[in-house]
1. Scan the range 52-72 for residues that are polar (S, T, N, Q) and either part of a helix (DSSP H, G or I) or more than 21 Å from K87 (Cα to Cα) (or both) and jot them down.
2. Return yes or no: is K471 open to solvent by less than 30 Å² (accessible area, probe 1.4 Å) and under 21 Å from the mean Cα position of the chain (by Cα)?
3. Given the range 522-598, what strands (runs of 3 or more DSSP E) lie entirely inside it while holding 1 or more residues that are open to solvent by 20 Å² or more (accessible area, probe 1.4 Å) and in contact with a Phe, Trp or Tyr (Cβ under 9 Å, 6 or more places away or on another chain)?
4. Just checking: which of the helices (runs of 4 or more DSSP H) contained wholly in the range 152-234 hold 2 or more residues that are open to solvent by less than 10 Å² (accessible area, probe 1.4 Å)?
5. Out of the residues in the range 1-51 that are assigned to a helix (DSSP H, G or I), open to solvent by less than 60 Å² (accessible area, probe 1.4 Å) and at pLDDT 95 or above, state the one that is farthest from Q94 (Cα to Cα).
6. Please tell me if A284 is within 24 Å of Y193 (Cα to Cα), open to solvent by 10 Å² or more (accessible area, probe 1.4 Å) and at pLDDT 95 or above.
7. Please go through the range 663-682 and give me each residue that is polar (S, T, N, Q) and more than 30 Å from T698 (Cα to Cα), ordered by number.
8. It is to be established whether one or more residues within the range 454-465 are touching a residue at least 40 places away in the same chain (Cβ under 8 Å), part of a strand (DSSP E or B) and out of contact with any Phe, Trp or Tyr (no Cβ under 7 Å at 6 or more places or on another chain).
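The values are calculated or read from the model by the stated rules, or taken from the named source; none is laboratory data. Small disclaimer: the values here were computed from a predicted structure and weren't measured. Reconstructed Cβ throughout: ideal geometry from the backbone, glycine too, with neighbour counts over all protein chains shown. Accessible surface areas use protein heavy atoms only, side chains included; no ligands, DNA or RNA. Shrake-Rupley method; radii C 1.70, N 1.55, O 1.52, S 1.80 Å.
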Amino acid sequence: MKRKINLILVCLVMIMLGLSSIQAQDHPSLILTKKGVQQIRKELGSIPIFDNSLQAVKDEIDAEIASGIDTPIPKDYSGGYTHDRHKRNFVVLQKAGVLYQILDDEKYAKYVKDMLMQYEELYKTLPLHPKTRSYARGKLFWQCLNDSNWLVYVSQAYDCVYDYLTKKERNKLEKNLFRPFADHISIESPQFYQRVHNHSTWGNAAVGMIGLVMNDQELIDRALYGIKGVNLDVNAKDDDGGFLNKDGKAGFLANIEEPFSPDGYYNEGPYYQRYAMYPFLVFAEGLHHVKPELKIFEYKDSVLLKSINALLNLSDEDGDFFPLNDGQKGMSYYNSALVTAVDVSYYFGDHNPGLLSIAAEQNKVLLDDSGLAVALGIKNGKAEPFQKKSINLSDGPNGKQGGVGVLRKDGIELVFKYASQGSSHGHYDKLSYSLYELGEEVLQDYGLARFVNIEQKGGGNYLKENKTWAKQTIAHNTLVQNEQSHYQGVYDIGSKYHPELYFFDNSNSSIQVVSAKETNAYPGTEMHRTVAIIKQDELEKPFVLDVLKVKSDSTNQYDLPFYFMGQVLKTNFEYSLPKTLKPLGKDNGYEHLWAEGCGNSADKNTKFSWMEKGRFYTLTSVTTEDDELQFVRIGAKDPEFNLRREAGLIIRRKEATNTTFVSIIESHGNYSPVTESAVNSNSSIENMQVLLDTVDYTAISITTKRGITKLFILVNNASSKDANHTLKIGETNYTWVGSYYYK
């Protein structure tokens, strides 16, 4: 009897284990869930944004099915036919799989199956891709990165049709396609996979997601923690020509731990954060559903969800991301990766109603559980405006490697960069800033030198001018010493150092300030830059105050460029034009600048006005009669016209040791080409003067044309907001608490 009872207990345990195993194998379970599919089907026809998104995808995939399946032999770089066809295929596969689940129409499952079987036949015959430029060649694509893109998407398709396929068909796909594919990305390409880098994030997610579908714990562990016991060539370079991380950390968790600061800032910048967010979030969703014990959305104090908020705040008023580091202008939160980010953040986060307003602007949602939640939130009237305010985002895994400050007031947005090098995508632009008004550039960051996926321009990849121009210091609105780039323009040096935040203060709606110091860009020289957006009642719009204090133990030439967008209107200084255009210098980016005009300051204040998009702007700078004023234009030594022909004004100060650059940038008035009327086209600043400039304090007076004078005092070596200060200037004593005074 006892033996019989024991046998029954053993059978029950085995049955329970079997049921547990079956439960773990439920499909779909990555992005869609069985429960979610049931809820979606129940709501169909009553949720407009979801219904419209579904119809758009259905129309798209029906057209693809009608045109037939093409899986060509790979031969092209980005932008070529075979590259674009395989890229299109993985997107189509993912969408077709989703349609099968939601619409329960077998034609979509059959389409996925047929294409997967074609890929199974193709893949087992493929050598490495014939294009040899990549540091890690793929098989379907010229680089493992794109192969990883393919597997991230196709894993979702496989998950959706898993139960439609027979066991024999699944075994065939897993043995001949999916497992070899995952092994090539990882074990056979450790220089690609074993890194902390956006490339590796895609690889980790690809291996992990197919591992989740196949219930392959070895692949899941390989994705989360990297490959054990692999020695890497420390000189391995990525396809952008920059060295990848060499610290030996690898795997999906390391790629969350290292690049993200506690505030959610991604060290490669918003353009690449946008690109990396998709694999981060879709793999996290899969882990949440299949491996909930990992609590992936709580990892590192929920940094993945924080990073979405950070990314949205790194966009201008129109939703375009600020082009920090290698960033293409025009990339915005209308990109499909941000549809994923917004929906995932809302569903797995705190249901921020501001995200619903962005989703409504995007005008589409994911066809999954998170997209349904967003669609229902919009339908039920829960959307509120997403509030972008002044924000300071720390950089580095512990938040101690500089950062980015964004100041905002009445449509004026200033982006101040004092961040770390940003991996291989970083630029040598410490303490630089760019300026926007209502989503339009006023003072620009050039961004990257690349025509993404345009084959005629270097196969769609980074151009040599990205290194010779876009990354160099002179390409940015920051100080250049002796025509040399920060950290000598050397990645290994730049990766060791970063600026330090001095203070950030957005507590006063009338004046918002960020200040940082950099001591390693030029050995023996300290740069301390403070920028503020100030709202003054008698002025039409807020203005920017820029104070750049330089201390050095040597005599140097200092260049401070301002890359303005628009048409020159007026200067208060005379300048001469060269008879023949020549480059401003020989290297470090100077070879790409035409010297278009040169003059000297004729007054203690230099004024320069320009117009862009119907708005007037004026730069007012405190200068000396020895300061040289150089008009420049990008495009010298660029025979293939890879660079945009845009203009700048450089303030050059020669034979200086310690010095301070002080400037104001105003936006004022407007011009209508319809009425041909110009309103408030002249500067409202009458005079600006440095009253005091010592080791401890810098005091600046600002007088408007209405005769109103304001005083800004910066505390140079005591950033505490609680410190008491008393300073006598002339016959007046000024007393205040904090790191600056303005009144």
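1. Listed by number, the residues that qualify are N52, S53, Q55, S67.
2. Working: open to solvent by less than 30 Å² (accessible area, probe 1.4 Å): yes; under 21 Å from the mean Cα position of the chain (by Cα): yes.
So K471 fits the description; yes.
3. Values: elements: 525-534, 543-552, 556-562, 567-571.
Answer list for the range 522-598: 543-552, 567-571.
4. Details: elements: 167-173, 179-185, 190-193, 198-214, 217-225.
It comes to 179-185, 190-193, 198-214, 217-225.
5. Ranking the candidates gives E43 first.
6. Working: within 24 Å of Y193 (Cα to Cα): yes; open to solvent by 10 Å² or more (accessible area, probe 1.4 Å): no; at pLDDT 95 or above: yes.
Against the criterion (within 24 Å of Y193 (Cα to Cα), open to solvent by 10 Å² or more (accessible area, probe 1.4 Å) and at pLDDT 95 or above), A284 does not qualify.
7. Once the filter is applied, which keeps residues that are polar (S, T, N, Q) and more than 30 Å from T698 (Cα to Cα), the range 663-682 yields N670, S672, T675, S677, N680, S681.
8. yes
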